[in-house]
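Below is one structure, written out as structure tokens; comments come after it.
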DNA sequence: GGGTGATGCTGAG
DNA sequence: TCAGCCTCACCCC
């Protein structure tokens, strides 16, 4: 579930259904009991997303920091009364009309301003946050220039760019025709700029659609994005050995930064992007 | 019912 | 570099 587009979507959704309300909070699992007791009955004032991190701002000045990690998941229930949370539910927020349940997060903690600032300092520019695109592109380019690791690994490093995950890194490199093995500091300014723009475009579409679709419909003989079926939405991710949608070359797979990465050796030839 | 993998990240070595 | 952590859906028996 959770690459940056999902996180920003959650922030918007939770703001929409809970902000301005007095919220009842609890930790059925018990691992966040102290925090849940502190927040219980407070007004949720705002919800911010930065990369893959969520910040919930409460009436008495407290901030809840949530990071879903690989397994974390929010569920939103509109039924009255909401269903009983499962025993593993870390945290629940119940407002006037909805209940939001959180299970399996890597992080669910209260943070003070200094701690929050430290988290943000570790994050690179987030294409989905407001702010000057030119400034963020310059930061991204500078971050790349300082790293000798392959660009495929750099894109997963949240200090370089915040919000991309394993699906987007493979798809963005395919769409820009860049060799995933190319050292980040050897990328041309033009290639870096295309990577940034492509990342921003795909993340924005993902936030809008609620799913990751990177394929141009014409490449699979469809007219509209919405006509793509489940198996046609991505170019290379998890398509080992299947024909490239543009040139027919079998898609390759290898490990990079501890995760599998997929690419097309014809559309992303060795050295492309330098 | 058991085994496994997953869109993430950290900390020990 | 690699094990470890978190939960759940899905697959296979």
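The values are calculated or read from the model by the stated rules, or taken from the named source; none is laboratory data. Note that the structure is a prediction, hence the values are computed from the model and not measured. Counting neighbours? That spans all protein chains shown, and the Cβs are built from the backbone with ideal geometry, glycine included.
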> Taking the stated definitions as given, is residue A:228 under 16 Å from residue A:137 (Cβ atoms) and within 16 Å of DNA strand B (Cβ to nearest atom)?
Replying inline: no
> Can you tell which of A:169, A:175 is away from DNA strand B (no atom under 15 Å from the Cβ), under 19 Å from the mean Cα position of the chain (by Cα) and not in a loop (DSSP other than H, G, I, E, B)?
Replying inline: A:175
>> Suppose the filter is at pLDDT 95 or above, surrounded by fewer than 18 Cβ atoms within 10 Å (Cβ to Cβ) and either assigned to a loop (DSSP other than H, G, I, E, B) or within 16 Å of DNA strand B (Cβ to nearest atom) (or both); does residue A:129 pass it?
In response: yes
> Looking at region A:81-105, which of its residues are surrounded by fewer than 13 Cβ atoms within 10 Å (Cβ to Cβ) and within 16 Å of DNA strand C (Cβ to nearest atom)?
Replying inline: A:83, A:84, A:86, A:87, A:88
> Of A:265, A:188, A:193, which residue is away from DNA strand B (no atom under 16 Å from the Cβ), touching a strand residue (DSSP E or B) at 6+ places or on another chain (Cβ under 6 Å) and at pLDDT 95 or above?
Replying inline: A:265
> What do you reckon, is residue A:157 in a loop (DSSP other than H, G, I, E, B), in contact (Cβ under 8 Å) with a residue 24 or more places away in the chain and touching a strand residue (DSSP E or B) at 6+ places or on another chain (Cβ under 8 Å)?
Replying inline: no
>> For a quick check of your reading of the model, give me the residue pairs whose first member lies in region A:66-85 and is at positive phi and touching a residue at least 24 places away in the same chain (Cβ under 8 Å), whose second is crowded, with 16+ Cβ neighbours inside 10 Å and part of a loop (DSSP other than H, G, I, E, B), with beta-carbon atoms closer than 7 Å and at least 6 apart or on different chains.
In response: A:69/A:105
>> Can you find, within region A:215-248, the residue that is nearest to residue A:167 (Cα to Cα) among those that are loosely packed, with under 14 Cβ neighbours inside 10 Å and touching a strand residue (DSSP E or B) at 6+ places or on another chain (Cβ under 8 Å)?
In response: A:238
